[in-house]
Amino acid sequence: VQLQACGGGLVQAGGSLRLSCAASGSTFSINSMGWFRQAPGKQRELVAGISRGGSTNYADSVKGRFTISRDNAKNTVYLQMNSLKPEDTAVYYCWLTALGVDYWGKGTQVTVSS
C-alpha cells in the first residue's frame, strides 16, 4: 500500500486547510486511517483517526476544530483543519492499517503563522 498526501501549506492563525491522502495498491484490506503530526523537537502524535465504519477519535488539542473523514470508494482520508493555531505547526503524516501492518505517507508541512 502506498500513501500520497497533499494539502499542506502556510496559513495565518485562524485560517483553514484541508489535507487529503489517497491510498493505492492493495487497498481492499484497509482498516483504520488517520493523521499524525510531528513538530520540531517533539514526538509524533495522533491527531485524528477513523475506522472503516466511520468511528472517529481526536486528540484533545484539536477537538472542535479538526474533522476527519474518509471516502472508502476512493481509498482517501481527509483532514479539515479550521481555526488553526501556531501550535498546530508540524509535519502531518497520513497513516493506515491493513492486515495488521501500519503504512505511512511521506508527510506534508503545515505552518501556521501568528
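The values are calculated or read from the model by the stated rules, or taken from the named source; none is laboratory data. Predicted, not measured: the structure shown is a model, and the values here were computed from it. All Cβ positions, glycine included, derive from the backbone under ideal geometry; neighbour counts span all protein chains shown. The protein model used for the area step is the full one, side chains on, heavy atoms only, and it has no ligands, DNA or RNA in it. Shrake-Rupley method; radii C 1.70, N 1.55, O 1.52, S 1.80 Å.
The table that follows gives values for the structure above.
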| read-out | value |
| --- | --- |
| Cα shape, the range 21-69, gyration tensor, a/c 1.5 rule | oblate |
| Cβ-placed point charges (K, R +1; D, E -1), dipole of the chain about Cα centre in debye, nearest 20 | 80 debye |
| Reach of LYS74 by Cα under 22 Å, taken over lysines that are not fewer than 8 positions away in the same chain | LYS106 |
| Backbone N under 20 Å from the ASN57 label point (7 Å along Cα→Cβ), restricted to the range 1-34 | 30-34 |
| Accessible-area composition of the range 1-76, carbon plus sulfur, in percent [1.4 Å probe] | 46 percent |
| Exposure of THR97 as accessible area (Å², to 10), given a probe of 1.4 Å and all protein chains | 30 Å² |
| Segment TRP104-GLN2, length gained on full extension (0.36 nm per residue, minus Cα span) | 35.9 nm |
| Percentage relative contact order, the range 27-108, counting C-alpha pairs under 8 Å, at least six apart | 33 percent |
| Gain in span if fully extended, LEU46 to SER16, counting 0.36 nm per residue against the direct Cα distance | 8.9 nm |
| Average accessible surface area per residue within the chain, 1.4 Å rolling probe, Å² | 52 Å² |
| Extension gain, PHE28 back to SER69 (0.36 nm per residue minus Cα-Cα distance, nm) | 13.0 nm |
